[in-house]
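What follows is a set of notes on a single structure, which appears directly below.
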Amino acid sequence: MIQKYGEIYQFSTITSLAAGNFDGVLDFHTLLKQGDFGLGTFDHLDGELIVLNGVAYQLKVDGKVNLVNLDMTTPFASVAFFEAHKKIIISEQSNYEELQKIILKNLPSLNLFYGIKVQGSFLEMKTRTVSYQEKPYPTLLAATAHQAVVSSSNVEGDIVGFWTPTFANTLGVHGFHAHFINSAKDGGGHIFDFILASGIIEICYFSKINLELPTTAEYLTKELISTELQKEIELAEKAK
């Protein structure tokens, strides 16, 4: 029997973002019709995007969190309508790496896409937020090279993320890519590590991806076929 799971809508690719295509193209009027859960970034790489329960937030480098104006634009984003196909209760302390292992053990296959939502209490949460970039744009690795990692203690909040299979590593970040927002909705960012005290993991299975590519001159003329870009994506995810 063929299982029919959900669909991810994605605008542009992580390879394009890594190459420095930071101009916002797609507006949030359009994007948020495609999902109530997701992540991405903004025009000029101005902060981290998190979409949770249908509300879009802009996580800024100065620590502020803004509600997204629908006229704002994004150069890269992934959203979906989230449905919990699997729930896991976490009652023992675990860090990001340990939580990833728990999630991977509970996936039905490594050949699908997954949405990951974690609501929990964290003893520590380490995040980074990208900052506004001026033209001519650098690569994503250069843009994130000097971003500070912010550590918060004893915080509650939500993780929103996607898991992307290896064969799709030019579309999204291979493996886990996740953002965090606290329950007060006044802090968060791209996740580096955490210590989770307790929480609930929800996993949504996706067997379809609806990919829309930009048609701007910058995108059409950028060289995107590069093994070096893939290395830079991995480094940018870990840049401190």
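The values are calculated or read from the model by the stated rules, or taken from the named source; none is laboratory data. Fair warning: this is a prediction, and the values are worked out from it, not measured in the lab. Because the Cβ atoms are built from the backbone with ideal geometry, glycine has one as well, and the counts that use them run over all protein chains shown.
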- For the range 63-85, which residues satisfy the criterion of being in contact (Cβ under 8 Å) with a residue 60 or more places away in the chain and out of contact with any helix residue (DSSP H, G or I) (no Cβ under 7 Å at 6 or more places or on another chain)? GLY63, LYS64, VAL65, SER78, ALA80, PHE81, PHE82, GLU83, ALA84, HIS85
- Looking only at the range 1-50, and only at residues there that are aliphatic (A, V, I, L, M) and in a strand (DSSP E or B), the one that is surrounded by the fewest Cβ atoms within 10 Å (Cβ to Cβ): LEU26
- Query: How many residues, within the range 189-217, are closer than 17 Å to GLY40 by Cβ and of a type in the set (A, V, I, L, M)?
  - Reply: 4
- Message: For the list (1) in contact (Cβ under 8 Å) with a residue 60 or more places away in the chain; (2) within 18 Å of ILE50 (Cα to Cα), I need the number of the one condition that LEU235 fails.
- Response: (2)
- Select from the range 51-85 the residues that are surrounded by 18 or more Cβ atoms within 10 Å (Cβ to Cβ), among the aliphatic types (A, V, I, L, M) and not in a loop (DSSP other than H, G, I, E, B) and list them in ascending order. VAL51, LEU52, ALA56, LEU59, VAL65, ALA77, VAL79, ALA80
- Task: Report, by residue number, each residue of the range 134-154 that is closer than 22 Å to LEU196 by Cβ, under 19 Å from the mean Cα position of the chain (by Cα) and of a type outside the set (A, V, I, L, M, F, W, C).
- Result: SER151
- Task: May I ask you to verify whether ILE88 is touching a residue at least 24 places away in the same chain (Cβ under 8 Å), part of a strand (DSSP E or B) and more than 18 Å from THR129 (Cα to Cα)?
- Result: yes
- Which of the residues spanning the range 132-159 are under 30 Å from GLU7 (Cα atoms) and either at pLDDT 95 or above or not aliphatic (A, V, I, L, M) (or both)? THR139, THR144, GLU156, GLY157, ASP158, ILE159
- Task: Taking only the range 113-132 into account, find how many residues are in contact with a Ser or Thr (Cβ under 8 Å, 6 or more places away or on another chain) and surrounded by fewer than 17 Cβ atoms within 10 Å (Cβ to Cβ).
- Result: 3
- Task: Filter the range 56-93 down to the residues that are of a type in the set (Val, Ile, Thr) and within 15 Å of the chain's Cα centre (by Cα), then identify the one that is farthest from LEU123 (Cα to Cα).
- Result: THR74
- Checked against (1) among the hydroxyl-bearing types (Ser, Thr, Tyr); (2) modelled with pLDDT of 95 or more; (3) buried (at least 17 other Cβ atoms within 10 Å of the Cβ), SER91 satisfies every condition except (3)
- Expected single match for at pLDDT below 95, touching an Asp or Glu at 6+ places or on another chain (Cβ under 9 Å) and of a type in the set (A, V, I, L, M) among VAL118, VAL61 is VAL61
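Every residue, every condition in (1) among the aliphatic types (A, V, I, L, M); (2) more than 30 Å from LEU213 (Cβ to Cβ), yes or no:
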| residue | (1), (2) |
| --- | --- |
| LEU49 | yes, no |
| LYS60 | no, no |
| LYS64 | no, yes |
| LEU67 | yes, no |
| GLU83 | no, no |
| SER91 | no, yes |
| GLU98 | no, yes |
| ASN106 | no, yes |
| GLY120 | no, yes |
- Query: Looking only at the range 91-120, which residues are without any contact (Cβ under 8 Å) to a residue 40 or more places away in the chain and within 11 Å of ILE200 (Cα to Cα)?
  - Reply: none
- Message: Looking at the range 121-136, I want the residues that are of a type in the set (Lys, Arg) and have a partner that is surrounded by 17 or more Cβ atoms within 10 Å (Cβ to Cβ) and in a loop (DSSP other than H, G, I, E, B) with Cβ atoms under 8 Å, at least 6 apart or on another chain. Which pairs are those?
- Response: ARG128/GLN147; ARG128/ALA239
